[in-house]
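Taking it in order: structure first as structure tokens, then the write-up.
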Amino acid sequence: MNLDALTYAGSLNNLREVQDNPRHTFLRGDICDAALVRRIFAEHAIRTVVHFAAESHVDRSITGPAAFIQTNVVGTFTLLEAARESWANRSKPCRFLHVSTDEVYGALGPDDPAFTESTPYAPNSPYSASKASSDHLVRAYGRTYGLPVLTTNCSNNYGPYQYPEKLIPLMILNALIGKPLPVYGDGRQVRDWLYVEDHCDAILTVLDRGRVGETYNIGGGNEQTNLEIVGRICDLLDRLQPKQAGGSYREQITHVQDRPGHDRRYAIDAGKIRAELGWQPAHAFDDGLAQTVRWYLANQDWVNSIMSERYSEWIALNYAKRPTTDGNF
Ligand code: TYD
């Protein structure tokens with residue numbers, strides 16, 4: 001049972017591979033709709049929840065934080081309440097897996113050790129604060145009501161079907177249409193990138209074998225600066241789809257005004273999930289990135305379906321007033 005509100009970032013085109021699968025049922029609805037969520041638990045005898053539903057883009061949380069509090073905090077609360085009620089007299093095992101982010105731990109300095117499961121929470125954006133709140137609610141429902149909860153905190157994902165507001169798909173698509181590649185600030189912020197299928201594999205692993213009540217950090221062990229990422233994308237595109245007018249896509253790189261409160265570095269210590277559950281990423285970054293760039297090149301229909309008026313409105317809101325800062329570094 002796949003419950004999804006199909007907000008701006010959701011699309012039935014993302015479910016093409018499972019649309020004829022008899023084991024998959026799609027239902028359009030909001031996790032904040034308590035009556036709907038309770039009905040689904042009752043009618044489908046739900047015993048396992050994997051809670052992916054969230055507003056997830058930091059820049060949108062800066063321009064419009066309310067949706068983040070609603071979906072991420074109130075939505076998580078609604079799901080937890082439905083599970084608590086439905087599982088009160090359970091006779092069979094149940095599991096509630098909450099999918100979260102490494103951003104709850106705040107920002108690291110260049111030489112700090114990577115985030116572990118015991119790093120104190122220190123969220124810096126409305127987005128990460130809303131995810132931190134939801135993590136706390138999940139923990140509290142485990143402790144107070146004995147709800148069988150698990151939480152995963154993952155680093156930056158990339159791969160097919162990612163909405164092009166996030167760094168990697170945005171840069172691929174802007175490059176191809178000849179637009180500037182807007183690097184925030186000096187571009188030396190560091191993220192730890194993980195291929196989306198490795199994240200899915202980790203979630204399944206925790207769902208199968210994770211210890212109830214525990215949290216697990218998930219990461220790629222692959223720290224790169226934003227400038228390195230954008231440069232690699234340009235190099236791949238130069239090979240796969242050379243510019244007709246000649247030259248490199250790198251010439252489109254433009255430094256723009258930084259994100260307020262921009263976290264300098266994230267890094268995940270995935271030692272716990274590796275040691276306890278034997279999970280590790282299967283995709284090397286170079287292969288995953290090349291696969292991702294090829295996917296965006298080969299799926300023009302999908303790209304066209306995303307390039308709506310709503311998308312253009314977001315691009316205008318986030319980038320039009322961001323002055324170019326090239327030469328200021
Ligand atoms: P993003 O994909 O938004 O993920 P997050 O902020 O959750 O890490 O951004 C990844 C990094 O790329 C982050 O340091 C911000 C930076 N960035 C840019 O430099 N330019 C952009 O246009 C975007 C969207 C992100």
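The values are calculated or read from the model by the stated rules, or taken from the named source; none is laboratory data. All values derive from a computational prediction rather than experimental measurement. Virtual Cβ from ideal backbone geometry, glycine too; neighbours counted across all protein chains shown. To get the accessible areas, we keep the full protein, side chains included, count just its heavy atoms, and leave off ligands, DNA and RNA. Shrake-Rupley method; radii C 1.70, N 1.55, O 1.52, S 1.80 Å.
Estimated at the nearest 10 Å², the accessible area of Asp186 is 40 Å² with a 1.4 Å probe. In angstrom, the C-alpha Rg and Dmax of segment 285-329 are 15.2, 39.
Strictly greater than 24 Å: what percent of every Cα pair in the chain meets that?
57 percent
Electrostatic tally near Leu237: other residues with Cβ closer than 11 Å to its Cβ, Lys and Arg +1, Asp and Glu -1, net +3.
For the pair Ala122 and Asp186, the difference between a 0.36 nm per residue extended length and the Cα-Cα distance amounts to 20.7 nm.
Report the rotationally averaged projected area of segment 16-117 based on its alpha-carbon convex hull, in square nanometres. Here the figure is 9.7 nm², rounded to one decimal.
Taking label positions 7 Å along the Cα-Cβ direction at both Asn13 and Arg264, the computed distance is 4.0 nm, reported to one decimal. Legend: Rg and Dmax of segment 224-329, from Cα coordinates, 17.8, 53 Å.
The largest accessible area among Lys92, Lys321, Lys179, Lys243 belongs to the first residue in Lys321, Lys92, Lys179, Lys243, and the rest follow in falling order (1.4 Å probe, all chains).
Rounded to the nearest whole Å³, what is the per residue volume of the convex hull around the Cα atoms of segment 254-294?
With only Cα atoms used, segment 254-294 gives 129 Å³ per residue.
Taking the chain as the region of interest, the number of lysine pairs whose Cα atoms are within less than 30 Å, with members eight or more places apart or on different chains, is 12. Applying 0.36 nm per residue to the separation of Ser312 and Asn299 and subtracting their alpha-carbon distance, the gain on full extension is 2.8 nm. In a DSSP loop and with at most 16 other Cβ atoms within 10 Å, the trypsin sites (Lys or Arg not before Pro) in segment 159-207 are Arg188. Helices in the chain, meaning DSSP H runs of at least 4 residues, each add -39500 (n - 2.57). Divided by all residues, the mean residue ellipticity at 222 nm is -12000 deg cm²/dmol. For the set Val206, Val74, solvent exposure ranked by accessible area (probe 1.4 Å, protein chains only) runs largest to smallest as Val74, Val206. Compared with the direct C-alpha span, the chain from Lys321 to Arg39 gains 97.0 nm at full extension, assuming 0.36 nm per residue.
When DSSP beta bridges are limited to those with both residues in the chain, what percentage is antiparallel, rounded to the nearest 5?
Restricted to the chain, the bridges split so that about 15 percent are antiparallel.
Each label point was placed 7 Å from the Cα along the Cα-to-Cβ direction; for Thr254 and Gln291 their separation is 3.3 nm.
The calculated FRET efficiency for Val212 paired with Ala88, based on their beta-carbon distance and R0 = 22 Å, is about 0.85. Taking only the Cα atoms of segment 141-271, how large is their convex hull per residue, in Å³? Here the figure is 133 Å³ per residue. Once backbone amide H atoms are built at 1.01 Å from N, Gly106 has Ala122, Asn124 as its partners under 5 Å, excluding neighbours fewer than 5 places away on the same chain.
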